[in-house]
Amino acid sequence: MRPGVLVTGGATGFGRVFAEEMCRAGATVVITGRDSGALRQARDELPGVCAVTMDSTDRASVEAAVTAAEAASGPLDALVHVVDVAGPAGPAWEVDQDDWWRAVEVALRGTAVTTAAVLARMVPRKHGRIVTVVSHATGARATACSVAKAAVAGLTEGLAAETREHGVAVLSYHPGPVDPGVTGPAAAEAAAVLRRIVEGTADHRSGEHLTAEDPLVRTAWEPMPLSW
């Protein structure tokens, strides 16, 4: 059976690039997102891909999407959760506080809810990999993004400690000088590195925040058979 990979945010940007990478590798790919139009377009353009509408901050929506994903792919081998934080830009005392908290919630709650739903299935099987795609904290004038990304990294560390004895690896990944919404050659190379992580190259580093330049996971970009 081909490995099953769930890619949140897989209809556009870096998530779409990575979904294409896994399709070429022969995986069964399920993509999710809130934009049903973008999902339909990606499904039509990527033969064999299953597309499911999902709001990552809503538990019922996530549970339904994960159930649909496993109906399409069989038991999931990997979750790749692409965190695209679009928080308000500007000094923290000037930006709208509701917008600030919404950005943090979408990133952190979305990651927590989605990973929990998938882990509830992976842990009893004692098999699986979860990779959260998130860039480094962005610093001044984007504090919501900085806080959200730091919190996601902390969540990754905690989940890795909890799942280590259950055969599940949990990592976070920074794709380099590309934002989650960006495509192009740099994104394609970053997706090839991420594929190696999803295949298990970095399982022994569960809990860490890896980058596209990490020498232990970086590889040539030629197609290779899946190593599951």
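The values are calculated or read from the model by the stated rules, or taken from the named source; none is laboratory data. Quick caveat, the model's predicted, so the values are computed rather than measured. As a convention, Cβ positions derive from the backbone with ideal geometry for all residues, glycine included, and neighbour counts pool all protein chains shown. Just the protein is used for accessible areas: all its heavy atoms, side chains included, with ligands, DNA and RNA removed. Shrake-Rupley method; radii C 1.70, N 1.55, O 1.52, S 1.80 Å.
In the chain, which helices (entire DSSP H runs) extend 18 Å or more along their own long axis, judged by Cα positions, while averaging at least -1.0 on the Kyte-Doolittle scale?
On the way: long enough: 13-25 (19 Å, 0.08); 59-73 (21 Å, 0.48); 97-125 (42 Å, 0.12); 143-163 (30 Å, 0.79); 185-199 (21 Å, 0.66).
Once both thresholds are applied, what remains is 13-25, 59-73, 97-125, 143-163, 185-199.
Stick to the Cα atoms of the chain, pair each with every other, and give me the Kirkwood hydrodynamic radius in Å at one decimal.
Details: mean 1/r = 0.0577 Å⁻¹.
Mean inverse Cα-Cα distance, inverted, gives 17.3 Å.
Explain nothing, just the number: dipole magnitude of the chain about its Cα centre with +1 on each Lys and Arg Cβ and -1 on each Asp and Glu Cβ, in debye rounded to the nearest 20. Kindly include the intermediate steps, with their values, before the conclusion.
Numbers: 20 positive and 27 negative charges, 107 e Å.
Dipole magnitude for the chain comes out near 520 debye.
Hey, what's the chain come to in accessible area per residue, 1.4 Å probe, Å²? Result: 44 Å² of accessible area for each residue.
If R0 equals 25 Å, the separation of the Cβ atoms of ASP58 and ARG125 corresponds to a calculated FRET efficiency of about 0.50.
Quick one: net charge around SER36, please, counting Lys, Arg +1 and Asp, Glu -1 for every other residue with C-beta under 12 Å from its C-beta. Spelling it out: positives minus negatives among the neighbours equals +1.
The fraction of accessible area contributed by carbon and sulfur in region 78-219 is 56 percent, rounded to a whole number (1.4 Å probe; ligands and nucleic acids excluded). Once the Kirkwood radius over Cα pairs is known for region 11-67, the Stokes-Einstein relation at 20 °C and 1.002 mPa s delivers a diffusion coefficient of 187 µm²/s.
Quick check on region 87-193: take the gyration tensor over C-alpha atoms, sort the square-rooted eigenvalues as a ≥ b ≥ c, and tell me if it's rounded (a/c under 1.5), prolate or oblate. List each step's numbers first, then the result.
Details: a/c = 2.64, a/b = 1.47, b/c = 1.79.
Cα axes put region 87-193 in the oblate bin.
One chain, two ends: TRP101 and ALA161. Fully extended at 0.36 nm per residue, the span grows by 18.9 nm beyond their Cα-Cα distance.
Rounded, prolate or oblate: which fits region 79-142, taking a ≥ b ≥ c as square roots of the Cα gyration tensor eigenvalues, rounded meaning a/c under 1.5, else prolate when a/b beats b/c?
Numbers: a/c = 4.78, a/b = 2.57, b/c = 1.86.
Note, shape of region 79-142 comes out prolate.
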